[in-house]
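Before any comments, here is the structure.
The values are calculated or read from the model by the stated rules, or taken from the named source; none is laboratory data. None of the values given here were measured: they were computed from a predicted structure. Here the Cβ is made from the backbone with ideal geometry for all residues, glycine too, and neighbour counts use every protein chain on show.
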Amino acid sequence: MRTPKHIRELVAYLEERFALLETLDQHEADCYDRWGVEDLLAQTSRTVCRFGGPAGKPTGSIQGAMETVGRQLAWARQQLSPQSPYFDTAQACDYLGVTGKSLYALVERGRLTPLRGPRRSYRFTREMLDAYLAQDS
């Protein structure tokens, strides 16, 4: 994919990178080195920084790279609609670097308490998600 020039292109770029990492996460543990995940993360972070977004740090794991790219994707999506301070379920998944199924499991187990949104949907604040990440580390 070519270098994104607009925030919508950045979102598509990050979604593509996140999907690639999800695919790699389902394979063997040695995929991290073999597929050059560190290089992918560095390239993604440079691209996001051009838009003023958060940089990523080397993580040493595919799961860590997914969390970093997920946070960057959540940031980029919020740039599209900055009027809301809340993350919907998809944005929260991106921010945490988990799937929707995993997010719902976290809520069911009481490890993450959402706010109720319209039509029984979940809403989260950045502070709620950061608190979960801090306690999970």
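Summary of values
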quantity: Unmet criterion (only one of (1) assigned to a helix (DSSP H, G or I); (2) surrounded by fewer than 20 Cβ atoms within 10 Å (Cβ to Cβ); (3) in contact (Cβ under 8 Å) with a residue 12 or more places away in the chain) for THR59; calculated: (1)
quantity: Test: GLY64 is closer than 22 Å to ARG2 by Cα and at pLDDT below 85; calculated: no
quantity: Residue check for ASP130: charged (D, E, K, R), in contact (Cβ under 8 Å) with a residue 60 or more places away in the chain and either under 25 Å from LEU41 (Cβ atoms) or in contact with a strand residue (DSSP E or B) (Cβ under 9 Å, 6 or more places away or on another chain) (or both); calculated: no
quantity: Unmet requirement for ARG77, which otherwise passes all of (1) loosely packed, with under 14 Cβ neighbours inside 10 Å; (2) touching a residue at least 24 places away in the same chain (Cβ under 8 Å); (3) basic (Lys, Arg); calculated: (1)
quantity: Members of region 65-104 found to be polar (S, T, N, Q), within 8 Å of the chain's Cα centre (by Cα) and farther than 13 Å from ARG126 by Cβ, listed by number; calculated: THR68, GLN72
quantity: Where a residue in region 9-35 is more than 20 Å from VAL98 (Cβ to Cβ) and at pLDDT below 85 and its partner, wherever it lies, is part of a helix (DSSP H, G or I) and of a type in the set (A, V, I, L, M), with Cβ under 7 Å and at least six apart; calculated: TRP35/LEU24
quantity: Residue ID - farthest from THR89 (Cα to Cα), chosen from residues in region 110-137 that are among the charged types (D, E, K, R) and under 17 Å from the mean Cα position of the chain (by Cα); calculated: ASP136
quantity: Pick from region 80-137, criterion outside any loop (DSSP other than H, G, I, E, B) and acidic (Asp, Glu), ranking: surrounded by the most Cβ atoms within 10 Å (Cβ to Cβ); calculated: ASP94
quantity: Exclusive hit being at pLDDT below 90 and not aliphatic (A, V, I, L, M), set PRO118, PRO114; calculated: PRO118
